[in-house]
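The values are calculated or read from the model by the stated rules, or taken from the named source; none is laboratory data. Keep in mind that this is a model prediction, so the values were computed, not measured. Glycine also receives a Cβ, built like all others from the backbone with ideal geometry; neighbour counts cover every protein chain displayed. Accessible surface is based on the protein model in full, side chains and every heavy atom, while ligands, DNA and RNA are left aside. Shrake-Rupley method; radii C 1.70, N 1.55, O 1.52, S 1.80 Å.
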2 protein chains.
Amino acid sequence: MPAVSAAQGRSTSTAAGQRRRAGRPSAAVLDKAGITAAALELVSRKGYDGLTMAALAKMLDVAPSALYNHVAAKQDVLLLVEDHLMSLVNVSGFEAGSWEDAVRTWAWSYRDVFAAHTPLIPVIAVLPVTDAPQTLAMYETVSKGFSDAGFPQEGIVPAIVALESFIFGSAYDVTAPEDIFESGSMADSTPHFTAAVRSSSAASGASAGIGEPGRQERGRQADAAFRLGLEALVSGLGALRS
Amino acid sequence: MPAVSAAQGRSTSTAAGQRRRAGRPSAAVLDKAGITAAALELVSRKGYDGLTMAALAKMLDVAPSALYNHVAAKQDVLLLVEDHLMSLVNVSGFEAGSWEDAVRTWAWSYRDVFAAHTPLIPVIAVLPVTDAPQTLAMYETVSKGFSDAGFPQEGIVPAIVALESFIFGSAYDVTAPEDIFESGSMADSTPHFTAAVRSSSAASGASAGIGEPGRQERGRQADAAFRLGLEALVSGLGALRS
DNA sequence: CTAGCTAAATGAATGGCATTCATTTAGTGG
DNA sequence: CCACTAAATGAATGCCATTCATTTAGCTAG
């Protein structure tokens, strides 16, 4: 089961010297932890387009087909990555402090983690938690937090699902291009929308100095929308408590 | 420019008799409307996995490479489909009636449309509205509705974005498998979550008779979470009005 | 009227991708 | 020590989006 750091160490160094000959090696080269780590590194370096079975194999200094002794399909690799990322979501607020603040901390960190990994969102949506221990652990902590805060039993899952839906959608929003709302040549025929876009970007731009690069401008707009929706959900859902 | 229904009519019949010889045909076979219609039909028959450039070409009785005279890449086909779907979203509530009801009607129909087309959600998130007239038209109507309801100019776009984020995330939730929250063998180590899952499915199952097939059970749970979050957002965001 | 330009089709590549299969080798349990 | 299983290689497969050379049709300038 272990031998993790061995696989890791090998994969980090840029290439082993001589070819490995065919046949089972004395010490196993691959395991799930090593595959997960290599996939994460590959994604951070080349993005999800660069995450191919061939590239993953190369990073682990292995033939592509070797991966299939450990995962049934590429989807399994994504699943491993996804479950690892869930362990990065901050649920510490549910251990102490108010329910509202716990939800805020959790939701912001959840969004931030997956904003950098939006291609995984479709995977999560379909992924039975059975195969994802970290994910399950997160749900347990959050559920307990809701329960302790006085939520009725039947309302916990719907409330979490509503928050998660908002979080996933908002993660996409973070990645949207800066000019997403530029109506271009049709601006004349969409006066209300054009005006609304203009004044909302002016408003978020005003909070920091003007003449900003513009790249973080999108981030600030995404943050504003997220804050707005999150506060609405926190107060609306919080009313369910007894 | 038109000749739409011609292309349409041809594409619907299952295959033309003899090969078309090389070279430009007297009447154009393809146009964007025909491509869009064929793509939609293909998706409804075979799903998004079945939407390949080759299959699309076959449905239109054309060589795959011919498509590239009308779209620059497959992404453009998805964009055409996406924009068409936006015209199916019900914004009629914003013409008359209360803001709350208009948002409810809009949000439910928006979610329902894209629940059947979740692979497009990543496309929308990155799509500048410039190239999507129907999408732009929807935003215009919704913006006007918010403005007329007394929203401050700077708050309109953030509010719409927050709602959309929730809608997209919820669309994914609709497609989740029935057993998504089945914790399986780890149930013992996640007592709070397991209990919450049990009682939430019992609660939604109780509204209709028991012993249901289970397939619509997921739909009812998704609806419950969506209703919960939507009502929270409607009341939270509605407070911004002057 | 015709020469040339552009648009719209075919058909034959190309390269990348996930996945499979036959084969080889190493350890393990009876 | 023998069979079995696990874990690697390397070669092949089939699908997919995309490109390119080529062909043909219609329009337009001179």
Karplus-derived HN-Hα couplings along segment B:73-81 (A = 6.51, B = -1.76, C = 1.60, θ = phi - 60°), whole Hz, x at Gly and Pro: 6, 4, 3, 5, 5, 4, 5, 4, 5
Net charge over other residues, Cβ less than 11 angstrom from the Cβ of B:LYS32 (K, R count +1; D, E count -1): -3
Euclidean distance between Cα centres, segment A:117-168 to segment B:147-203, Å: 8 Å
Highest-fluctuation residue, A:VAL29, A:VAL126, A:VAL62 considered, GNM on chain A with Cα pairs under 10 Å: A:VAL126
For segment A:44-60, Karplus couplings with θ = phi - 60° (6.51, -1.76, 1.60), whole Hz, Gly/Pro x: 5, 8, 10, x, 6, 5, x, 7, 10, 4, 5, 5, 4, 4, 4, 4, 8
Calculated from backbone phi, Karplus (6.51, -1.76, 1.60) coupling profile of segment B:178-195 in Hz, x at Gly/Pro: 4, 8, 4, 9, 6, 7, x, 5, 8, 3, 4, 8, 10, x, 5, 5, 4, 5
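Where in segment A:138-239 are there chymotrypsin sites (Phe, Trp or Tyr not before Pro) that are in a DSSP coil and have at most 12 other Cβ atoms within 10 angstrom of their Cβ?
Working: sites: A:TYR139, A:PHE146, A:PHE166, A:PHE168, A:TYR172, A:PHE181, A:PHE193, A:PHE226; in loops: A:PHE181.
Passing sites in segment A:138-239 do not exist.
Which pairs, out of B:LYS32/B:LYS74; A:LYS58/B:LYS46; A:LYS46/B:LYS74; B:LYS32/B:LYS58; A:LYS46/B:LYS46, put more than 24 Å between their alpha-carbon atoms?
A:LYS58/B:LYS46; A:LYS46/B:LYS46
May I ask you to list the trypsin sites (Lys or Arg not before Pro) in segment B:133-242 that are in a DSSP loop and have at most 13 other Cβ atoms within 10 Å of their Cβ? Let's see the in-between values first.
Values: sites: B:LYS144, B:ARG198, B:ARG215, B:ARG218, B:ARG220, B:ARG227, B:ARG241; in loops: B:ARG241.
Qualifying residues, ordered by number: B:ARG241.
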Accessible carbon and sulfur surface of the protein assembly as shown relative to its total accessible area, %, 1.4 Å: 54 percent
Interface A:B - total buried accessible surface [probe 1.4 Å, Å², rounded to 100]: 4900 Å²
Copy-to-copy label separations for A:ARG241, where each label sits 7 Å from Cα toward Cβ, in nm and ascending: 2.9
GNM result for chain B, Cα springs below 10 Å: residue of B:ALA196, B:ALA38, B:ALA66 fluctuating most strongly: B:ALA196
Chain B: most fluctuating residue of B:ASP148, B:ASP101, B:ASP179 per GNM, C-alpha cutoff 10 Å: B:ASP179
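What do you get for Rg/Rh over segment B:61-117 if you use C-alpha atoms and the Kirkwood form of Rh?
For segment B:61-117, the value is 1.23.
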For the protein assembly as shown, accessible area per residue (1.4 Å probe, heavy atoms of protein chains only), Å²: 47 Å²
For residues of B:136-146, the mean tally of beta carbons on other chains within 10 Å: 5
Degrees, to the nearest 10: B:153-175 long Cα axis against longest axis of chain B: 90 degrees
Cα-based Rg / Dmax (Å) for the protein assembly as shown: 24.7, 75
Debye-sum result for chain A in log10 I(q)/I(0), which assumes one identical scatterer on each alpha carbon, at q = 0.10, 0.17 Å⁻¹: -0.65, -1.20
